[in-house]
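K.L.:
Below you will find the structure I want to go over with you.
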Amino acid sequence: SLVVETPSPALDAYLNGWAIYQTLACRLLGRCSLYQSGGAYGFRDQLQDICALIDFEPELARKHILLSAAHQYEEGDVMHWWHPGQEGDKGVRTRCSDDLLWLPYACTLYVQKTGDEGLWEEKAPWLCSPELRNNERDRYETPQSIGEGTIREHCLRVFRQLEKRGTGPHGLPLMGAGDWNDGFDRVEGESV
């Protein structure tokens, strides 16, 4: 387990306890931070959070990676956020590009830190709904789950989706809708 030691006992207490607890309680379990007052899971948001918890809660991180992968469409794009429901999870399909790379990043970081290569062969279902039409920026829906693929396949579909959407002059993915905290909805260019 990671332990931070600084000249400040108060900072050590914060970093080694309170900050970890807040990430777990507020961001992952409660989903009650500033931008998640509705309690939805955010694809990018919670994958970022579990990256901070891999050293402390590797089983929880693994479980959340599988949950996130189950919110990826057959085409490789993902459900930007969702609320769990008895009739299926209800959320929004978007053109956000910044969501996509968090799955392969979180998986790679998890495997590097835990040595759990078996994650790549775990399976998760795909979401299925009609792709967004050219005039649709996003769609609120309850898609069906169909089939399944390995986590490796889920990560590879991310790259195929990004390739399909194209890249800019620096080889970076093009901005989609709502990139980086919804601040660039109408901006064109590369997403960093």
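K.L.:
Just to confirm, what accessible area per residue do you get for the stretch 1-104 at 1.4 Å probe, in whole Å²?
P.N.:
Working: 4950 Å² over 104 residues.
That works out to 48 Å² per residue.
K.L.:
Could you give the length gained by full extension between residue 4 and residue 144, i.e. 0.36 nm per residue of separation minus their alpha carbon distance, to one decimal place?
P.N.:
That pair, residue 4 and residue 144, stretches by 46.0 nm at full extension.
K.L.:
Are there any chymotrypsin sites (Phe, Trp or Tyr not before Pro) in the stretch 8-67 that are in a DSSP loop and have at most 15 other Cβ atoms within 10 Å? List them by number.
P.N.:
Details: sites: 14, 18, 21, 35, 41, 43, 56; in loops: 56.
Listed in order of number, the matching sites are 56.
K.L.:
Here are a few candidate values for log10 I(q)/I(0) by the Debye sum over Cα atoms at q = 0.07, 0.10, 0.14, 0.18 Å⁻¹: [x] -0.44, -0.66, -0.91, -1.17; [y] -0.21, -0.43, -0.83, -1.28; [z] -0.24, -0.47, -0.89, -1.35. Which one was actually calculated from the structure I just gave you?
P.N.:
Correct label, based on the coordinates given: [y].
K.L.:
At residue 163 and residue 133, where each label point lies 7 Å from the Cα along Cα→Cβ, what is the point-to-point distance in nanometres?
P.N.:
Between residue 163 and residue 133, the simple spin-label model gives 3.0 nm.
K.L.:
List the longest stretch of the chain that has no exposed loop site; here a site is one of the GluC sites (Glu not before Pro) assigned by DSSP to anything other than H, G, I, E or B, with at most 12 other Cβ within 10 Å. Walk me through the numbers before you get to the answer.
P.N.:
Working: sites that count: 5, 87, 131, 188.
Longest run free of exposed loop sites: 6-86.
K.L.:
Give me a comma-separated list of calculated 3J(HN,Hα) values for the stretch 112-127, in order, Karplus coefficients 6.51, -1.76, 1.60 applied at θ = phi - 60°, integers in Hz, x for any Gly or Pro.
P.N.:
4, 7, 9, x, 7, 5, x, 4, 4, 9, 4, 10, 9, x, 9, 8
K.L.:
Another one. Amide H to amide H under 5 Å from residue 73: which residues, 5+ apart in sequence or cross-chain, H placed 1.01 Å off N in plane?
P.N.:
Under 5 Å from the amide H of residue 73 lie the amide H atoms of 78, 79, 127, each far enough along the sequence or on another chain.
K.L.:
Okay, moving on. Near the amide H of residue 177, under 5 Å away, which other amide H atoms are found, from residues 5 or more places off or on another chain, if H is placed in the peptide plane?
P.N.:
For residue 177, the qualifying residues are 95, 96, 97.
K.L.:
Still on this structure, please answer the following. Would you kindly derive the ³J(HN,Hα) couplings of the stretch 46-59 from the backbone phi angles with the Karplus curve 6.51 cos²θ - 1.76 cosθ + 1.60 (θ = phi - 60°), listing them in order in whole Hz, with x for Gly and Pro?
P.N.:
Computed from phi, the couplings for the stretch 46-59 are 6, 5, 4, 5, 5, 4, 6, 9, 4, 5, 9, 9, x, 5 Hz.
K.L.:
Hey, another quick one. Below 8 Å between Cα atoms, with a sequence gap of 6+, how large is the relative contact order for the stretch 52-171 in percent?
P.N.:
RCO, the stretch 52-171: 32 percent.
K.L.:
If you don't mind, another one. How far apart, in nanometres, would the label points at residue 52 and residue 114 be if each is projected 7 angstrom from Cα along the Cα-to-Cβ direction?
P.N.:
The two pseudo-label positions are separated by 1.9 nm.
K.L.:
Where Rh is the Kirkwood radius over the Cα pairs of the stretch 82-192, the temperature 10 °C and the viscosity 1.306 mPa s, what D in µm²/s does Stokes-Einstein return?
P.N.:
Approximately 102 µm²/s, per Stokes-Einstein.
K.L.:
Please report the net charge: other residues with Cβ closer than 12 Å to the Cβ of residue 109, K and R +1, D and E -1. Spell out each step's value before the answer.
P.N.:
Details: positive: 62, 113; negative: 55, 116.
Charge balance in the 12 Å sphere: 0.
K.L.:
Same structure again: Okay, helix-only estimate at 222 nm for the chain: each DSSP H run of n ≥ 4 adds -39500 (n - 2.57), divide by all residues, round to 500 deg cm²/dmol; what do you get?
P.N.:
-9500 deg cm²/dmol
K.L.:
Let me ask something else about it. Angle, helix 151-165 long axis vs. longest principal axis of the chain, Cα atoms, 0 to 90°, nearest 10?
P.N.:
50
K.L.:
For the stretch 1-72, what are Rg and Dmax over the alpha carbons, in angstrom?
P.N.:
Expressed in Å, the Cα Rg and Dmax of the stretch 1-72 come to 13.4, 44.
K.L.:
Explain nothing, just the number: dipole magnitude of the stretch 1-158 about its Cα centre with +1 on each Lys and Arg Cβ and -1 on each Asp and Glu Cβ, in debye rounded to the nearest 20.
P.N.:
360
K.L.:
Mind jotting down the three principal axis lengths of the stretch 130-175 based on Cα atoms? Whole angstrom, largest first.
P.N.:
In descending order, the Cα extents are 37, 31, 12 Å.
K.L.:
At 0.36 nm per residue, minus the direct Cα-Cα distance, what do residue 12 and residue 60 gain on full extension? Give it in nm, one decimal, please. Walk me through the numbers before you get to the answer.
P.N.:
Working: separation 48, 0.36 × 48 = 17.28 nm, distance 2.36 nm.
That pair, residue 12 and residue 60, stretches by 14.9 nm at full extension.
The values are calculated or read from the model by the stated rules, or taken from the named source; none is laboratory data. Just so we're clear, the structure is a prediction, and the values are computed from it rather than from any experiment. Ideal geometry is used to build each Cβ from the backbone, glycine not excepted, and the neighbour counts take in all protein chains shown. These accessible areas exclude ligands, DNA and RNA; they are computed on the full protein's heavy atoms, side chains included. Shrake-Rupley method; radii C 1.70, N 1.55, O 1.52, S 1.80 Å.
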